[in-house]
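Have a look at the structure below before the remarks.
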Amino acid sequence: MGTSPRPFVTMLLLAAACAAMAACGYRFVGQGGAFPQDVQRIYVEMIRNDTSQTGLENTITNQIVFEFTRRNKAALAGSLEQADALLSGVVTDKTVQTIAPRGKDAAAQRRVTLKMNLRLTKIDGEIIWVGSGITDNEAYPVAEDKLVTEQNERAALVILTGRMAESIYNRLTDSF
């Protein structure tokens, strides 16, 4: 009895599909592409905080640095002198709204929303990428104890800024 050509045809089709995806620039999440205009190393400046939330600038900047380190450590410059470009920005707004009431005058769940603007600038001052109005939100539970609710909000901000940092990195490396 002869062998079936089916496994060979399946492997051939799989190889063709992989080649087609690679040719059109498709990549799996987490692999990232190149930064704009051949930038290799980026210095992340402390993000300015124009909200009333104390320490938010540290949280978002640390999350962005962590995302760069996680995805492409070599792309993160330790100083402006070592960089091809500077990533800078500002958190322009932080809002909190009740999304699930508990009775007439209390909340069971709230949503915190952040909005920020970023730009990537070459060392010579040329702006090569702008991210305006980058917005995301995260829900958190409201407890009877105000301190617990504040801890829940801070935890939601860590999750939210981590997700925003991932989105920022993805936007910087999209090569569409």
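The values are calculated or read from the model by the stated rules, or taken from the named source; none is laboratory data. Values in this document were obtained by computation on a predicted structure and should not be read as measured data. When we count neighbours, we look across all protein chains shown, and the Cβ atoms used for this are built from the backbone with ideal geometry, even at glycine.
Would you mind finding the one in Asp93, Asp105, Asp38, Asp50 that is of a type in the set (Asp, Glu), at pLDDT below 95 and over 21 Å from Asp174 (Cα atoms)?
When all the criteria are applied, what remains is Asp105.
Got at least one residue in the stretch 35-46 being among the hydroxyl-bearing types (Ser, Thr, Tyr) and in a helix (DSSP H, G or I)? No, the conditions are met nowhere in the stretch 35-46. Going by what's in this entry, would Asn117 be described as touching a Ser or Thr at 6+ places or on another chain (Cβ under 9 Å), farther than 19 Å from Val148 by Cα, touching a residue at least 24 places away in the same chain (Cβ under 8 Å) and not in a strand (DSSP E or B)? No: the conditions fail for Asn117.
In the set (1) within 25 Å of Asp50 (Cα to Cα); (2) in a helix (DSSP H, G or I), Asp93 fails one condition alone, (2).
Filter the stretch 155-176 for residues that are in a helix (DSSP H, G or I) and either touching a Phe, Trp or Tyr at 6+ places or on another chain (Cβ under 7 Å) or of a type in the set (A, V, I, L, M, F, W, C) (or both) and give the result. Write out each step before concluding.
Step one: of the stretch 155-176, the residues in a helix (DSSP H, G or I) are 155-173.
Those that are in a helix (DSSP H, G or I) and either touching a Phe, Trp or Tyr at 6+ places or on another chain (Cβ under 7 Å) or of a type in the set (A, V, I, L, M, F, W, C) (or both): Ala155, Ala156, Leu157, Val158, Ile159, Leu160, Met164, Ala165, Ile168, Tyr169, Leu172, Thr173.
One line per residue, one yes/no per condition, for (1) surrounded by 14 or more Cβ atoms within 10 Å (Cβ to Cβ); (2) touching a Gly at 6+ places or on another chain (Cβ under 9 Å); (3) under 22 Å from Ile64 (Cβ atoms):
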{"residue": "Thr95", "(1), (2), (3)": "no, no, yes"}
{"residue": "Thr98", "(1), (2), (3)": "no, no, no"}
{"residue": "Gly103", "(1), (2), (3)": "no, no, no"}
{"residue": "Thr121", "(1), (2), (3)": "yes, no, yes"}
{"residue": "Trp129", "(1), (2), (3)": "yes, no, yes"}
{"residue": "Ala139", "(1), (2), (3)": "yes, no, no"}
{"residue": "Glu150", "(1), (2), (3)": "no, no, no"}
{"residue": "Met164", "(1), (2), (3)": "yes, no, yes"}
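Residue-level check: of (1) surrounded by fewer than 16 Cβ atoms within 10 Å (Cβ to Cβ); (2) part of a strand (DSSP E or B); (3) more than 17 Å from the chain's Cα centre (by Cα); (4) modelled with pLDDT of 95 or more, Arg110 misses just (1).
For the stretch 120-154, filtered to residues that are in a strand (DSSP E or B) and of a type in the set (A, V, I, L, M), the residue that is farthest from Asp50 (Cα to Cα) is Ile128.
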